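The values are calculated or read from the model by the stated rules, or taken from the named source; none is laboratory data. Note that the structure is a prediction, hence the values are computed from the model and not measured. Glycine also receives a Cβ, built like all others from the backbone with ideal geometry; neighbour counts cover every protein chain displayed.
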Amino acid sequence: MIPVDQQYQQMPAGAPVTGVRYTPGIVKERSSIMVVVLSMVTCGVYWFYWMYKVTAEIRDATGDDTLNPGMDLLLNIITCSMWGLYTEYLHVQRVHQILVHYDPHHKDQGQTIMILNIVAVAGAWLGGATGIAAIIATYMVQEEHNKLARIAG
């Protein structure tokens, strides 16, 4: 059995993705820890930049013109990041649709991401310190993007 961290790297770059268009090499692999650290150190400013970049990469890699990183950025700013929490869920769903064609056993992380973000928002509204849930969600989203980036091998 191939270890989970290596199985996507060993897939051929031109492997067919049935029903889903995907161009390998566009989605960039990033350090998930650094995404979280930079988001915290910059008080969330890097998170806005990161969300813009990953939305643009997924749009370009899939040809999905319904993805609009500029509009997502504007909605993130207007809604004080609430839109971004939903966008994280959508990203993981799109990534899963692609990865499941390369690995039929790929686990959909969408519900986990959504639950973590709901816990983070509920904690913020109730005055609790549940920022760790949002941090874990962002880390997990980047890990899913990294799996997609590794398809190019």
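The lone criterion from (1) of a type outside the set (Gly, Ala, Ser); (2) under 21 Å from THR23 (Cβ atoms); (3) in a helix (DSSP H, G or I) left unmet by LEU67 is number (3). When you look at ILE78, is it over 22 Å from VAL37 (Cα atoms) and modelled with pLDDT under 85, yes or no? Criteria not met by ILE78.
Within the range 96-106, not a single residue is at pLDDT below 85, in contact with a Phe, Trp or Tyr (Cβ under 8 Å, 6 or more places away or on another chain), under 19 Å from VAL54 (Cα atoms) and of a type in the set (A, V, I, L, M). Filtered by the rule that a residue be within 13 Å of GLY84 (Cα to Cα) and surrounded by fewer than 14 Cβ atoms within 10 Å (Cβ to Cβ), the range 30-48 gives a lone residue, VAL45. Just the residues that are over 22 Å from TRP83 (Cβ atoms) and modelled with pLDDT under 80, please, taken from the range 129-152. Matches in the range 129-152: ALA129, ALA152.
GLY14 - would you say it is at negative phi, among the small types (Gly, Ala, Ser) and modelled with pLDDT under 90?
Details: at negative phi: yes; among the small types (Gly, Ala, Ser): yes; modelled with pLDDT under 90: yes.
It is true that GLY14 is at negative phi, among the small types (Gly, Ala, Ser) and modelled with pLDDT under 90.
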